[in-house]
Amino acid sequence: MPELPEVEITARRLDAALRGVEVESVVAPGVNALRSFDPPLSELPGRAMAGVGRRGKLFLIDFAGDLTMLVHLMSAGRLQLFDKRAGPRDRTSRLLVRLPEDRELRLREFGTKQAAWVKLLPTEAVFDDEVLATMGPEAWPDPPPFDELVTGARPLHSLLRDQRVIAGIGRSWVDEILWHARLSPFKRGDDLALEEAQELRAETIATLGAALDHYERVIGLPIPDKLPMPLQVHRKQGEPCPRCGAKLEAVFYEDYVMTYCPSEQTEGRVLKDRRLSRLLK
Ligand SMILES: [Zn+2]
């Protein structure tokens, strides 16, 4: 769930709260969460936190002495600051950064999968990490022209979520962006007219920026488990389109749903439901 606006607001709040705070200890109860071994986590106690930033959907937590922790929440992770330490039976904890006065920066993960991960790296090596090295430009606030960026035979819904093409957009915000741009999720990148590419870029910036403005107004510390995402169409299939009133439709995939307005995005066509067609095979 956490995409660019959710990660950005979290990074801003954590940065303001943690800059200059010294680490007491670090433990990783989630055995699969730590994906690096050199330098070890034991390098962190005694170092001050130097800032919390973001690249795409990842956090970059800098520590004094040029170490950086890369954190990927995947689909169900959260990075939260608490005034009390986690109890021994807290099964959501993947990584705990213990701070003075019993405060704790906690990487948590909900659900049964352990997919969220952390790497501790020398700061100079962070952007050589395979995930960051292959990441496309930021979707917000100033991505390059989309007629050069969002190209190829794949549909827009797939291109915009591909972090190597453009970084920060996932399953929720892609629906919102395409709805704002009145474009079909199945239109191919190569079939975008220049004006459509320009419109799509403008709506990408505006949609993500508006979400962030919303979070700036409503989100403080502690960051809640579930952010109040200001979504207008995603997962609202069956409800009227907030703009034209037509019934919103959806295509269901194995692990996500794509919602759109048929009247404004697909010239009235209702796209084939992949879930149904698979069951009928
Ligand atoms: Zn509509």
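General remarks:
- The range 13-49-the range 144-202 distance, computed between alpha-carbon centres (Å): 36 Å
- Normalised by the number of residues in the chain, the average gap of Cα pairs under 8 Å and 6 or more apart makes the relative contact order 16 percent.
- Among the lysines of the chain, pairs that are 8 or more positions apart or on different chains and have alpha carbons within less than 15 Å of each other number 4.
- When peptides 45-54, 62-71 are sorted by average Cβ neighbour count within 10 Å, with the highest value leading, the order is 62-71, 45-54.
- Rg/Rg_globular for the range 131-179, with Rg_globular taken as 2.2 N^0.38 Å and Rg from C-alpha atoms: 1.05
- Given 13 as the ceiling on other Cβ atoms within 10 Å, longest exposed-site-free region of the chain for GluC sites (Glu not before Pro) in DSSP loops: 1-253
- Semi-axes of the equivalent ellipsoid for the range 48-111, computed as √(5λ) from the eigenvalues of its C-alpha gyration tensor and ordered from largest down, come to 20, 17, 8 Å.
- Approximate shape of the range 86-175 as ellipsoid semi-axes (Cα gyration tensor, √5λ), whole Å, largest first: 33, 18, 12
- Of the trypsin sites (Lys or Arg not before Pro) in the range 79-138, the ones in a loop by DSSP (not H, G, I, E or B) with at most 14 other beta carbons within 10 Å are Lys84, Arg89, Arg91, Lys113.
- The chain, dipole about Cα centre (Lys/Arg Cβ +1, Asp/Glu Cβ -1), debye to the nearest 20: 1300 debye
- Alpha-carbon gyration tensor eigenvalues x 5, square-rooted, for the chain, Å: 37, 20, 17
Only the coordinates and a few stated rules stand behind these numbers; no lab work does. What you are looking at is a predicted structure, and each value in this text was computed from that prediction instead of being measured. For neighbour counting, all protein chains shown are included, and Cβ atoms are generated from backbone atoms with ideal geometry for every residue, glycine included.
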